[in-house]
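Here is the structure we will look at.
The values are calculated or read from the model by the stated rules, or taken from the named source; none is laboratory data. This one's a predicted model, so the numbers in the text were calculated from it and none came from an experiment. Quick reminder, even Gly has a Cβ in these numbers, built from the backbone with ideal geometry, and neighbours come from all protein chains shown. Surface areas here come from the heavy atoms of the whole protein model, side chains and all, with no ligands, DNA or RNA. Shrake-Rupley method; radii C 1.70, N 1.55, O 1.52, S 1.80 Å.
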Amino acid sequence: MNRAMPLPPESHRLRPDHLPTPFSADQIRDACPVGRLIRIRETEPGRDPTFREVRYLAADPEGARQAFTPTDADGQPIGPSVERRSTWLDLQGHASQPADRTTLTETTVALAWGEEPAWLYVVRDDEGGAETRFWFAQRHAGMPVVVESWTGGELVERREVISTAVVGSD
């Protein structure tokens with residue numbers, strides 16, 4: 001087990017009945033400047049992969065405006081972008097998971113650019129045996145770098161960050 005960082009601190013806990021989130025709103029803000037570009041591959045068994053990018057268009061102390069764009073495998077847009085504004089606290093809150101249904105461990109995750117120390121949150125659905133696994137790369141504050149949905153022991157969907165960079169803004 002890679003001990004690059006301890007488990008997320010208590011100060012990241014947003015609700016008393018939830019586990020601490022991997023990153024604070026301030027850490028996410030600092031890691032997501034205007035121009036941050038995240039490319040994601042989405043796969044489902046029996047289907048061709050799909051791709052999308054998330055680009056940070058504007059940012060201020062309270063939040064950011066992002067564009068979500070479907071792309072081809074080479075990153076070329078294949079559909080219209082959808083823009084959305086979120087607060088940094090909203091983005092932190094997406095990672096807040098109920099303590100009674102979630103396990104949190106330190107691990108590593110294999111990514112397109114190499115292996116990274118990570119926190120793995122496994123969230124179990126009380127009914128139906130489904131679970132969702134979220135890997136957060138400890139050195140890349142923000143969204144999970146891999147998300148897998150499982151039902152009845154079968155992988156249903158996988159989303160993975162395939163690249164991340166800060167590029168010139170439009």
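Here Tyr121 passes the criteria (1) part of a loop (DSSP other than H, G, I, E, B); (2) open to solvent by less than 40 Å² (accessible area, probe 1.4 Å) except the one numbered (1). Does Arg139 satisfy the condition of being basic (Lys, Arg) and part of a strand (DSSP E or B)? Considered against the rule, which asks whether it is basic (Lys, Arg) and part of a strand (DSSP E or B), Arg139 comes out as no.
The number of residues in segment 9-54 being over 17 Å from Trp88 (Cα atoms) and in contact with a strand residue (DSSP E or B) (Cβ under 7 Å, 6 or more places away or on another chain) comes to 15. Scanning segment 99-114 turns up no residue that is among the aromatic types (Phe, Trp, Tyr) and farther than 24 Å from Phe51 by Cβ. Specify the residue that is nearest to Thr164 (Cα to Cα); the eligible residues are those in segment 68-115 that are in contact with a helix residue (DSSP H, G or I) (Cβ under 8 Å, 6 or more places away or on another chain) and open to solvent by 20 Å² or more (accessible area, probe 1.4 Å). The qualifying residue nearest to Thr164 (Cα to Cα) is Leu91.
Taking residues in segment 20-44 that are at positive phi, and partners anywhere that are modelled with pLDDT of 95 or more and open to solvent by less than 60 Å² (accessible area, probe 1.4 Å), the pairs with Cβ atoms closer than 8 Å and at least 6 places apart or on different chains are Gly35/Arg55; Gly35/Tyr56. Just one of the listed residues (Ser86, Ser81) is more than 18 Å from the chain's Cα centre (by Cα) and hydroxyl-bearing (Ser, Thr, Tyr), namely Ser81.
Evaluate the following for Gly168: is it at positive phi, modelled with pLDDT under 95 and open to solvent by 50 Å² or more (accessible area, probe 1.4 Å)? So Gly168 fails the test.
Can you tell me which residue among Arg65, Arg29 is at pLDDT 95 or above and surrounded by 18 or more Cβ atoms within 10 Å (Cβ to Cβ)? When all the criteria are applied, what remains is Arg29. Going residue by residue through segment 155-163, is there one that turns out to be of a type in the set (Val, Ile, Thr), within 17 Å of Arg101 (Cα to Cα), out of contact with any helix residue (DSSP H, G or I) (no Cβ under 6 Å at 6 or more places or on another chain) and open to solvent by less than 60 Å² (accessible area, probe 1.4 Å)? No.
On the given criteria, is Arg55 in contact (Cβ under 8 Å) with a residue 12 or more places away in the chain and closer than 18 Å to Ser149 by Cβ? Criteria not met by Arg55. State all residues of segment 124-142 that are over 21 Å from Ser11 (Cα atoms), over 12 Å from the mean Cα position of the chain (by Cα) and either open to solvent by less than 10 Å² (accessible area, probe 1.4 Å) or basic (Lys, Arg) (or both); if no residue qualifies, say none. Arg124 - this is the single residue of segment 124-142 that is over 21 Å from Ser11 (Cα atoms), over 12 Å from the mean Cα position of the chain (by Cα) and either open to solvent by less than 10 Å² (accessible area, probe 1.4 Å) or basic (Lys, Arg) (or both).
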